[in-house]
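Single-structure report; data block below.
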Amino acid sequence: MAGRKPLISGNWKMNHTHLEAIAVVQKLAYSLSPADYERAEVSVHPAFTALRSVQTLLEADNIPIALGAQDVHPADSGAFTGEVSPVMLAKLNVSYVIVGHSERRQLFGETDEQVNQKLLAVLKHQMSPILCVGETLEEREAGQTEAKVLGQLQAGLAGVSAQAMGRVVIAYEPIWAIGTGRNASPEDAQAVCKAARSALGERFGTAVAAQVRVQYGGSVTPANISALMAQEDIDGALVGGASLDAEKFAQIVRW
Ligand code: 13P
């Protein structure tokens with residue numbers, strides 16, 4: 001992680017009502033110390049319905065946890081029933097927005113082009129996108145992991161300037177490792193994160209690539225986080241299931 005401040009993010013997916021979300025953040029804030037926040041940046045990504053409640057709590061109690069969203073629509077406003085705009089998120093002081101999560105791609109048919117539009121919208125409103133990329137089990141077994149990940153990176157980052165890359169976070173999430181309890185080995189995860197960084201280097205220059213944070217996601221737990229974080233090109237984690245529980249998530253943040 002050479003000079004890059006790690007980012008540990010909790011993606012709560014479609015879990016926790018706003019009341020439960022408040023309780024988790026309160027417990028998390030109680031567990032984490034200034035030294036923990038010094039060592040790593042922490043973000044939580046509640047459902048849209050809990051964003052305002054969590055924002056209010058973080059700001060009222062001066063809790064140095066960044067607020068994140070799980071998705072966004074690319075347009076500023078308009079006739080898009082059910083969608084949430086980047087303007088709305090920015091107004092809630094959202095710092096990080098996940099784009100292109102594999103569940104959005106697989107279950108809701110999001111394309112690379114849509115993911116790219118979302119990413120550009122997040123940047124336009126001065127927030128940081130967390131761009132998710134990752135291969136299926138079939139792709140891994142067919143030796144197509146790098147091609148898939150680098151293709152998603154290339155497409156997702158279309159139109160992004162080298163300067164804006166300073167705000168982009170990449171999350172490598174092999175699909176077969178998400179919610180399965182089967183995480184990628186630290187060495188396999190490192191190999192893909194390294195390949196991603198080197199592709200970023202070719203596109204934006206090595207100095208820019210050297211400061212981009214690359215997270216690993218997929219069945220991250222208190223038991224496997226240390227070995228993942230020991231890898232040179234892994235700069236944090238995007239945690240699903242284990243982030244729902246404040247104590248487990250705090251243990252991951254303290255790896
Ligand atoms: P799990 O940690 O539950 O495997 O989920 C990973 C993930 O999809 C985070 O975005």
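What to note about this one:
- Selection status of residue 198, modelled with pLDDT of 95 or more and more than 18 Å from the chain's Cα centre (by Cα): yes
- Residue selected from the stretch 5-17 under the condition in contact with a helix residue (DSSP H, G or I) (Cβ under 8 Å, 6 or more places away or on another chain) and over 19 Å from residue 41 (Cβ atoms), by the criterion most open to solvent (accessible area, probe 1.4 Å): 17
- Flag for residue 121 being small (Gly, Ala, Ser), closer than 21 Å to residue 9 by Cα and at pLDDT below 95: no
- Complete set of residues in the stretch 232-254 that are in contact with a strand residue (DSSP E or B) (Cβ under 8 Å, 6 or more places away or on another chain), assigned to a loop (DSSP other than H, G, I, E, B) and either away from the ligand (no atom under 11 Å from the Cβ) or more than 21 Å from residue 24 (Cα to Cα) (or both): 233, 234, 235
- Residue identified as open to solvent by 30 Å² or more (accessible area, probe 1.4 Å), within 16 Å of the ligand (Cβ to nearest atom) and modelled with pLDDT of 95 or more among 83, 38, 103, 20: 103
- If you go through the stretch 154-171 and keep only what is away from the ligand (no atom under 11 Å from the Cβ) and either surrounded by 21 or more Cβ atoms within 10 Å (Cβ to Cβ) or not in a helix (DSSP H, G or I) (or both), you end up with 156, 157, 158, 159, 160, 161, 162, 163, 168, 169, 170.
- Flag if residue 38 is assigned to a helix (DSSP H, G or I), within 21 Å of residue 235 (Cα to Cα) and not polar (S, T, N, Q): yes
- Restricting the stretch 58-80 to residues that are farther than 14 Å from residue 44 by Cβ and among the hydrophobic types (A, V, I, L, M, F, W, C), the residue that is surrounded by the fewest Cβ atoms within 10 Å (Cβ to Cβ): 79
- Qualifying residues in the stretch 200-221 (those that are more than 16 Å from the ligand (Cβ to nearest atom) and outside any helix (DSSP H, G or I)) - the one surrounded by the most Cβ atoms within 10 Å (Cβ to Cβ): 212
The values are calculated or read from the model by the stated rules, or taken from the named source; none is laboratory data. Everything numeric in this text was worked out from a predicted model, so none of it was measured. So basically every Cβ, Gly included, is an ideal-geometry build from the backbone, and we count neighbours across all protein chains shown. Areas reflect the complete protein model, heavy atoms only, side chains present, ligands, DNA and RNA absent. Shrake-Rupley method; radii C 1.70, N 1.55, O 1.52, S 1.80 Å.
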